[in-house]
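*Asks:* My questions will all concern the structure given below.
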Amino acid sequence: MKPIPFRILCLLWWCLWAAAPALAQPAGAESASGDHVRVRWLAPTAFAAGQQQWVGFYFEVDPGWHVYWRNPGDSGAAPRFQVSPEGARTGAIHWPFPTRLPVAHLTNLGYAGNVAYLLPVTPTHNASAVSLTVDLEWLVCKVDCIPGFGRMILERPVAQQSQWPAGDRKLLQQYQQRIPGPAAASPWQVVSLQVVDADRLQLTLFSAASHPDPPEVFPLDAELIGAATPQRRGSARRWQFELPRVPGASVPASTGLVLSDGQRAWRLDSVAISPVAATPASASSPATPTQPLWLLLLAALAGGLILNLMPCVFPVLSIKLMSVLQHTPEQRRREALGYSAGVLATFAALGALLLVLRAGGSALGWGFQLQSPPVILALIALFWLMALAFSGVFEFGHRLMTWAGSHGGGAFATGMLAVFVATPCTGPFMGVALGAAAVLPGAAAMTLFLGLGLGLAAPYALLCLSPALLRRLPRPGPWMETLRQLLAFPLYATVIWLLWVLGRLLGDTGWLWGSSLMLGLVFVLWLGARLPRWRGTTTVTLAGALLLTGLVSLPPPAATAGSSASAGPWQAYDPDLIRAARARGQGVFVDYTAAWCITCQVNKQLVLDTEPVLQLFQDHNVLLVRADWTRHDPAITQSLARLGRNSVPVYAWYPAGAASATLLPQILQPSTIRKLFTPPTQGASATEATP
């Protein structure tokens, strides 16, 4: 007998496959069955007119057998549904999230047991009935696999309200909850998906809230990512997955993923793929200054000059100028030299400390001294005593004043104090210079630090050395006592500000520690005035012991203070949160701020926290991040370094889809923010950086 040609066998097989749905069950059946599988409708007894409703293809599978997800994994095949509606419109099939099914050395993606695949159905206008005909094809597997075919027909009337048989609606809702939701609702956001090598891709996820377990990750594209369980590492908020790459697979620009916590799931349709994973060095390399050194030096001088007008510096200089009016020319020269030496020496010491720490791999920012509660408490005591003295509560000793005036020690100490309280109050020109100093070679960086010192010391030194300028000042007289008392009030204001900063560092008890110290110092002064034996050295010793006790007994900084807190629409700083927002094409505005930064607080009150500006950000779907640097935070310090800065305020704007940050001026106006959304954007030059 002559064998049947292969082409004829293929044709017979195709005819058998096409006829299988009709042969599998009688026409008009509402169910289908095959080996180890029974399929029926989950559908209402009547559809609601004009409303989208869900129906399900409910697969009842024998124990130990399974059917497949849309991406079946390493083997198998997803079921197929060919739907022909009448009197209704239908959408795409919706697939509940799967589980991983190990079969020998392979991993399948599917359902071990019963499952319902869902179909949205909407009756057409004026339809009196809905008819759905579906041709099914499936594969059911244990170790061996058996294909199945079937045809089901559903005919239902259209009524005012949908009606369901007992139990079916609840069963359908159970599987409806397992349908992946939109990416925007996911608690995890994609930070990056990067090609590691020919065998792996690395997925990084971030969550704003803590989760004890990582999500399951299922690939939608079986041609790119394998179905095997990925290796995972991370913590409750950040996880990395090593996804197996299909050998020889080309890498598209994006791919789709489904994330699941075991109860719910979310579908990410277009996750961008980076061709090469970034190295740690490239991700953290600081920006290199492009301005010439002489221009940076001018900026440093201008910044130092502006520091003289800061609220924390101006009262100190005003006090010293009062005494200069009564000095001889020789004493004024010593005052100028002593004050300038104090300023320059302190700037040099702070700069040297920052450079030494930089060389050792540590990172401190400008103004770091006011990130320390003991330093702030000591400054509270100092300014409190100075304010009380100028209010006439007590007088400094005449011997001390005579020695300071004749030897220049008081001027040197004043210069040191001016630097210590001035450095956190960065002026508009200081940001670029200080940022450059953080990355320049040591000699160039120290030149900029000394330039800041020259700018701060210059006004006072010129007044002391120039008889012409001094002649323009009023002559000594009774007005000086009135001025001295008046200048006490800026010092009181400085104390209030420092108490607030201490509260930000220590929490609600911070102001209590500072106020208690102030009360104790006043009590010691009162005793010294009432009891002759308490005068002089005894009073100073007791006040010093009181201050030392306060410094030693300070509680540790509060865990919720500083950068860990968020308020209103502003989110606490987290680089993963920023990267996730930028990855999904959302604009990001980062406010680098600190409680001890006067300019920062002014910009908040007058611009950033005003209703019109907040509404503008909301209208353009901008993620608002407040990087609070009140306490030392290495992540914020490193982020500032990558932006070419080491002081605050800094305002970084990442437009939607942009690869770089635009740095805004340090003095903000509402128009500055409005221009961000008025093309072309007007602002400072862009700096390529990672937050």
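*Asks:* For Leu640, all conditions in the list (1) more than 24 Å from Arg504 (Cα to Cα); (2) not in a strand (DSSP E or B) hold save one; what is the number of the exception?
*Replies:* With (1) more than 24 Å from Arg504 (Cα to Cα); (2) not in a strand (DSSP E or B) applied to Leu640, the lone miss is (1).
*Asks:* Answer with yes or no whether Glu216 is assigned by TED's automatic domain parsing to the domain that holds Ala272 and modelled with pLDDT of 90 or more.
*Replies:* On the way: assigned by TED's automatic domain parsing to the domain that holds Ala272: yes; modelled with pLDDT of 90 or more: yes.
Answer is yes for this residue.
Listed here are the residues, each with its yes/no results for (1) over 28 Å from the mean Cα position of the chain (by Cα); (2) part of a strand (DSSP E or B).
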position	(1), (2)
Gln174	yes, no
Ile179	yes, no
Ala184	no, no
Leu193	no, yes
Ala198	yes, no
Ala209	no, no
Val217	no, yes
Thr229	yes, no
Gly262	no, no
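*Asks:* When you scan segment 234-246, how many residues do you find that are over 20 Å from Ala208 (Cβ atoms) and basic (Lys, Arg)? Talk me through it step by step, then tell me what you get.
*Replies:* Taking segment 234-246 as the starting set, the residues that turn out to be over 20 Å from Ala208 (Cβ atoms) are 242-246.
Okay, now just the ones that are also basic (Lys, Arg), so 245.
Summing the residues that are over 20 Å from Ala208 (Cβ atoms) and basic (Lys, Arg) in segment 234-246 gives 1.
*Asks:* Report, ordered by the first and then the second residue, all pairs with beta carbons closer than 8 Å, sequence separation of six or more or different chains, a first member in segment 602-623 that is under 16 Å from Arg582 (Cα atoms) and in the same structural domain as Lys675 (by TED's automatic domain parsing), and a second member that is among the small types (Gly, Ala, Ser) and assigned to a helix (DSSP H, G or I).
*Replies:* Within 8 Å, the pairs are Leu623/Ala581.
*Asks:* Which one of these does Ala461 not meet: (1) more than 39 Å from the chain's Cα centre (by Cα); (2) surrounded by fewer than 17 Cβ atoms within 10 Å (Cβ to Cβ); (3) at pLDDT 80 or above?
*Replies:* (2)
*Asks:* On to the next question. Can you name the number of the only condition in (1) under 20 Å from Gln666 (Cα atoms); (2) assigned to a helix (DSSP H, G or I); (3) of a type outside the set (A, V, I, L, M) that Gln618 fails?
*Replies:* The number of the failed condition is (1).
*Asks:* Only residues that are crowded, with 23+ Cβ neighbours inside 10 Å and in contact with a Phe, Trp or Tyr (Cβ under 7 Å, 6 or more places away or on another chain): list them for segment 594-625, please.
*Replies:* Ala594, Ala595, Val622, Val625
*Asks:* Can you pull out the residues in segment 248-267 that are small (Gly, Ala, Ser) and free of Cβ contacts under 8 Å to residues at least 60 places away in the same chain?
*Replies:* Gly248, Ala249, Ser250, Ala253, Ser254, Gly256, Gly262
*Asks:* Okay, moving on. Condition first: closer than 26 Å to Pro72 by Cβ, touching a His at 6+ places or on another chain (Cβ under 8 Å), in the same structural domain as Gly50 (by TED's automatic domain parsing) and in a loop (DSSP other than H, G, I, E, B). Can you find one or more residues in segment 137-146 that meet it?
*Replies:* Step one: list which residues in segment 137-146 are closer than 26 Å to Pro72 by Cβ, which gives 137-146.
Narrowing further to those that are touching a His at 6+ places or on another chain (Cβ under 8 Å): 140-142, 146.
Checking which are in the same structural domain as Gly50 (by TED's automatic domain parsing) leaves us with 140-142, 146.
Among the residues that remain, those that are also in a loop (DSSP other than H, G, I, E, B) are: 142.
Checked against the condition, which is being closer than 26 Å to Pro72 by Cβ, touching a His at 6+ places or on another chain (Cβ under 8 Å), in the same structural domain as Gly50 (by TED's automatic domain parsing) and in a loop (DSSP other than H, G, I, E, B), segment 137-146 yields at least one hit.
*Asks:* Next up: Could you tell me which residue of segment 231-244 is nearest to Asp576 (Cα to Cα), considering only residues that are part of a strand (DSSP E or B) and among the polar types (S, T, N, Q)?
*Replies:* So in segment 231-244, the residues part of a strand (DSSP E or B) come out as 231-234, 238-244.
Narrowing the set further to residues that are among the polar types (S, T, N, Q) leaves 231, 240.
Working: Gln231: 20, Gln240: 12 Å.
Checked segment 231-244; the qualifying residue nearest to Asp576 (Cα to Cα) is Gln240.
*Asks:* Let me ask something else. Ala359: surrounded by fewer than 15 Cβ atoms within 10 Å (Cβ to Cβ) and either of a type outside the set (A, V, I, L, M) or modelled with pLDDT under 80 (or both), yes or no? Reasoning before the result, please.
*Replies:* Values: surrounded by fewer than 15 Cβ atoms within 10 Å (Cβ to Cβ): yes; either of a type outside the set (A, V, I, L, M) or modelled with pLDDT under 80 (or both): yes.
Answer is yes for this residue.
*Asks:* Out of Phe81, Phe97, I need the residue that is assigned to a loop (DSSP other than H, G, I, E, B), under 47 Å from the mean Cα position of the chain (by Cα) and among the aromatic types (Phe, Trp, Tyr). Which one? Walk me through it before giving the result.
*Replies:* Details: Phe81 fails: assigned to a loop (DSSP other than H, G, I, E, B).
Selected residue: Phe97, the only one of Phe81, Phe97 that is assigned to a loop (DSSP other than H, G, I, E, B), under 47 Å from the mean Cα position of the chain (by Cα) and among the aromatic types (Phe, Trp, Tyr).
*Asks:* Gly87 versus (1) farther than 23 Å from Gly226 by Cα; (2) touching a Cys at 6+ places or on another chain (Cβ under 8 Å): which is the lone unmet condition?
*Replies:* Condition not satisfied by Gly87: (2).
*Asks:* Mind checking which pairs have a first residue in segment 116-127 that is in the same structural domain as Val39 (by TED's automatic domain parsing) and a second that is among the polar types (S, T, N, Q) and in a strand (DSSP E or B), Cβ under 7 Å, 6 or more apart or different chains?
*Replies:* Filtered contacts from segment 116-127: Leu119/Thr90; Pro120/Thr90; Val121/Gln53; Val121/Thr90.
*Asks:* I've got another one for you. Let me confirm something: among Arg582, Arg631, which residue is buried (at least 18 other Cβ atoms within 10 Å of the Cβ), closer than 20 Å to Ala659 by Cα and at pLDDT below 85?
*Replies:* Numbers: Arg631 fails: closer than 20 Å to Ala659 by Cα.
Selected residue: Arg582, the only one of Arg582, Arg631 that is buried (at least 18 other Cβ atoms within 10 Å of the Cβ), closer than 20 Å to Ala659 by Cα and at pLDDT below 85.
*Asks:* Tally up the residues in segment 231-260 that are more than 18 Å from Tyr111 (Cα to Cα), within 29 Å of the chain's Cα centre (by Cα) and of a type in the set (Val, Ile, Thr), please.
*Replies:* Going through segment 231-260 one residue at a time, the tally reaches 1.
*Asks:* Would you call Asp135 in contact (Cβ under 8 Å) with a residue 40 or more places away in the chain and out of contact with any strand residue (DSSP E or B) (no Cβ under 8 Å at 6 or more places or on another chain)? Walk me through it before giving the result.
*Replies:* Working: in contact (Cβ under 8 Å) with a residue 40 or more places away in the chain: yes; out of contact with any strand residue (DSSP E or B) (no Cβ under 8 Å at 6 or more places or on another chain): no.
No.
*Asks:* If I filter segment 205-217 for residues that are surrounded by 22 or more Cβ atoms within 10 Å (Cβ to Cβ) and in contact with a helix residue (DSSP H, G or I) (Cβ under 9 Å, 6 or more places away or on another chain), do I get at least one hit? Walk me through it before giving the result.
*Replies:* If we filter segment 205-217 for residues that are surrounded by 22 or more Cβ atoms within 10 Å (Cβ to Cβ), which is where we start, we get 205-206, 215.
Still in the list and also in contact with a helix residue (DSSP H, G or I) (Cβ under 9 Å, 6 or more places away or on another chain): 205-206.
Yes: one or more hits.
The values are calculated or read from the model by the stated rules, or taken from the named source; none is laboratory data. Please read all numbers here as calculations on a predicted model, not as lab measurements. Cβ sites come from the backbone with ideal geometry, for glycine too, and all protein chains shown count toward neighbours.
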